Amino acid sequence: MDPGNWSQVTEFIILGFPHLQGVQAYLFVLLLLIYVTTVLGNLLIFLVVRLDSRLHMPMYHLVSALSLLELGYTAATIPKMLSDLLREEKTISFSGCLLQIYFFHSLGAAECYLLTAMAYDRYLAICRPLHYPTLMTPALCAKIAIGCWLGGLAGPVAEISLVSRLPFCGPNRIQHIFCDFPPVLSLACTDTSINVLVDFVINSCKILATLLLIVSSYVQVIRTVLRIPSAAGRRKAFSTCASHLTVVLIFYGSVLFMYVRLRESYSLDYDRALAVLYSVLTPFLNPFIYSFRNKDIKEAVRRQFTRSGILG
């Protein structure tokens, strides 16, 4: 297209769920409740781990880092989604859209790395218990958490740079619930095959590589646990991995189908449903998975509430 015949789009309109226009108020209340619960639940786990000395162990340091990460991950999309549910014009500036994509993908990448680190922690604890205290030290945990954050923040820079150079001349309606690479690329006024390929390669390397490391860690864990002679010992060993495995299955199950695919066309309703799963429901479920399935965290929460006088 001749550059002189188009004007650059300065803002986008996020359509969200156009088939649910009549229940926007109900959706707002539901999403607000989910978001408040997500923030309070993850904040509670983070603070309890930091305040209770009995939880000052590598596994729980990583759990608290994941809870802090979820706070940022949900803040990248849900507040804007809540605002859009109350507005007639669901607009977002071009730069704001790119920023939302950047933080959503960078924090999502950091979560992949952190879940991988948690799998490695379980591998060391179960497969190399005698060396665990010297290998997985508090200092190493802090370095791992910082490394996951920095690695995540560096991840989408190349993709964002490529998208920022694309011409957008209309239409400007994003067929999604927030700004993301596939729906934004579909609006560009030029061939985006290079962008799609780069997006596919980066996401494949990031998601599949971390998933492979998680699977390899748990293969070793399962082999070790099956050698434990007592059934009670096997149950105890598996129970320390159950929460992490549940989060991994939910998170990776959705992002694999969403991002590891080499195509420009996509099912709108299918992608919206997946987006709700990994951007809203997974962070919402994490505090429940880790608190309800973990006796140490439940007891620590009870102790903190007792000390504060909430439980009397």
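Listed values, structure above:
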read-out: Gain on full stretching of the segment that runs from residue 137 to residue 36 - 0.36 nm per residue minus C-alpha separation; value: 33.0 nm
read-out: Max mean-square fluctuation residue, GNM over the chain, Cα-Cα springs under 10 Å, options 175, 100, 24; value: 24
read-out: Where trypsin sites (Lys or Arg not before Pro) fall in DSSP loop in the stretch 86-137, at most 11 other Cβ within 10 Å; value: 87
read-out: Mean ellipticity per residue at 222 nm, deg cm²/dmol - from DSSP H runs of n ≥ 4 across the chain, formula -39500 (n - 2.57); value: -23500 deg cm²/dmol
read-out: For the stretch 173-182, 3J(HN,Hα) per residue [Karplus equation, 6.51 cos²θ - 1.76 cosθ + 1.60, θ = phi - 60°, Hz, x = Gly/Pro]; value: 9, 8, 7, 7, 8, 7, 5, 8, 4, x
read-out: Percentage relative contact order, the stretch 11-308, counting C-alpha pairs under 8 Å, at least six apart; value: 27
read-out: Longest DSSP-loop-exposure-free segment, GluC sites (Glu not before Pro), the chain, at most 10 other Cβ within 10 Å; value: 90-312
read-out: Long-range amide H partners of residue 173 with built H, under 5 Å; value: 13
read-out: Cysteines in the chain lacking a second Cys C-beta under 4.7 Å; value: 112, 127, 141, 148, 205, 241
read-out: Residue-normalised accessible area of the chain, given per residue in Å² at a 1.4 Å probe; value: 48
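The values are calculated or read from the model by the stated rules, or taken from the named source; none is laboratory data. Predicted model only: the values in this text are computed from it and were never measured. As a convention, Cβ positions derive from the backbone with ideal geometry for all residues, glycine included, and neighbour counts pool all protein chains shown. Quick note on the areas: whole protein, heavy atoms, side chains included, nothing else; ligands and nucleic acids left out. Shrake-Rupley method; radii C 1.70, N 1.55, O 1.52, S 1.80 Å.
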